[in-house]
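Q: Mind looking over this structure? Questions follow.
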Amino acid sequence: MRIRTEQIMTEEQFQHALEIRMIVFVHEQGVPLDIEVDEHENEATHVLAFDETGVPIATGRIRQYAEDTGKLERIAVRAEGRGKGYGAAVMQKLEEIGRSRGYCKFVLEAQTHAEKFYEKLGYTTVSTEPFLDAGIWHVRMVKQD
């Protein structure tokens, strides 16, 4: 199976990303809509991953966190795409975008159930204990190139 990833360039693509986030975060996980869509939407660079038929399955975004650091956020994969490489493809594309901007470090706040997924991609947990964000337990993770 070939996964295609693209940087979002149109409003239509952005709406697909929001739809995935609404399904995963708002409907499945109960994150309030007013905190899911935030003030960083316009400054972030968003990506989509598509299945072989062109259906958007996963999304994520990256924004500058520090001079040499990108923050990866809103990584979401529709239920039918989980465990099939879509999340890793989104992460790879986001890191590629970050490296093209000179970032040599990446940070993210992972839901604790996804911590192992990010570890497999080279991230290390740096928070001393889990913390609540939007009512969901998270850990802070970092990857240094």
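The values are calculated or read from the model by the stated rules, or taken from the named source; none is laboratory data. What you are looking at is a predicted structure, and each value in this text was computed from that prediction instead of being measured. Backbone-built Cβ (ideal geometry, glycine too); neighbour counts: all protein chains shown.
Q: Just to be sure I understand the filter: pairs with C-beta atoms under 6 Å, separated by 6 or more residues or on different chains, first member in segment 107-126 and within 8 Å of VAL139 (Cα to Cα), second member part of a helix (DSSP H, G or I). Which pairs pass?
A: Close Cβ pairs (under 6 Å, with a partner that is part of a helix (DSSP H, G or I)) amount to ALA110/TYR118.
Q: Give the number of residues within segment 98-109 that are crowded, with 18+ Cβ neighbours inside 10 Å and either more than 13 Å from GLY122 (Cβ to Cβ) or out of contact with any Lys or Arg (no Cβ under 8 Å at 6 or more places or on another chain) (or both).
A: 2
Listed here are the residues, each with its yes/no results for (1) more than 11 Å from the chain's Cα centre (by Cα); (2) under 18 Å from TYR118 (Cα atoms).
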residue	(1), (2)
GLU6	yes, no
ARG21	no, no
ASP51	yes, no
VAL55	yes, no
ASP68	yes, no
GLU96	yes, yes
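Q: Return the residues of segment 93-114 that are within 24 Å of GLU28 (Cβ to Cβ) and either in contact with a Ser or Thr (Cβ under 9 Å, 6 or more places away or on another chain) or assigned to a helix (DSSP H, G or I) (or both); say none if nothing qualifies. First the steps, then the outcome.
A: To start, the set of residues in segment 93-114 that are within 24 Å of GLU28 (Cβ to Cβ) comprises 93-94, 108-114.
Those that are within 24 Å of GLU28 (Cβ to Cβ) and either in contact with a Ser or Thr (Cβ under 9 Å, 6 or more places away or on another chain) or assigned to a helix (DSSP H, G or I) (or both): LYS93, LEU94, GLU109, ALA110, THR112, HIS113, ALA114.
Q: Next question. Quick one: would you say VAL31 is part of a strand (DSSP E or B) and either touching a residue at least 40 places away in the same chain (Cβ under 8 Å) or in contact with a Ser or Thr (Cβ under 8 Å, 6 or more places away or on another chain) (or both)?
A: Numbers: part of a strand (DSSP E or B): no; either touching a residue at least 40 places away in the same chain (Cβ under 8 Å) or in contact with a Ser or Thr (Cβ under 8 Å, 6 or more places away or on another chain) (or both): yes.
For VAL31, the condition - part of a strand (DSSP E or B) and either touching a residue at least 40 places away in the same chain (Cβ under 8 Å) or in contact with a Ser or Thr (Cβ under 8 Å, 6 or more places away or on another chain) (or both) - is not met.
Q: Another question about this same structure. I'm trying to understand the selection: among the residues of segment 13-30, which are over 28 Å from GLN144 (Cα atoms) and either among the aromatic types (Phe, Trp, Tyr) or at pLDDT below 95 (or both)?
A: Answer for segment 13-30, where residues must be over 28 Å from GLN144 (Cα atoms) and either among the aromatic types (Phe, Trp, Tyr) or at pLDDT below 95 (or both): PHE14, GLY30.
Q: Of (1) under 19 Å from ILE3 (Cα atoms); (2) touching a residue at least 40 places away in the same chain (Cβ under 8 Å); (3) out of contact with any Ser or Thr (no Cβ under 9 Å at 6 or more places or on another chain); (4) part of a helix (DSSP H, G or I), LYS84 satisfies all except one. Which?
A: Evaluating LYS84 over (1) under 19 Å from ILE3 (Cα atoms); (2) touching a residue at least 40 places away in the same chain (Cβ under 8 Å); (3) out of contact with any Ser or Thr (no Cβ under 9 Å at 6 or more places or on another chain); (4) part of a helix (DSSP H, G or I) leaves (4) as the failure.
Q: Does any residue of segment 47-55 turn out to be buried (at least 16 other Cβ atoms within 10 Å of the Cβ) and either farther than 15 Å from ARG4 by Cβ or among the basic types (Lys, Arg) (or both)? Steps first, please.
A: Step one: filter segment 47-55 for residues buried (at least 16 other Cβ atoms within 10 Å of the Cβ), giving 47-51.
Next, only the ones that are either farther than 15 Å from ARG4 by Cβ or among the basic types (Lys, Arg) (or both) stay: none.
No, because not a single residue in segment 47-55 is buried (at least 16 other Cβ atoms within 10 Å of the Cβ) and either farther than 15 Å from ARG4 by Cβ or among the basic types (Lys, Arg) (or both).
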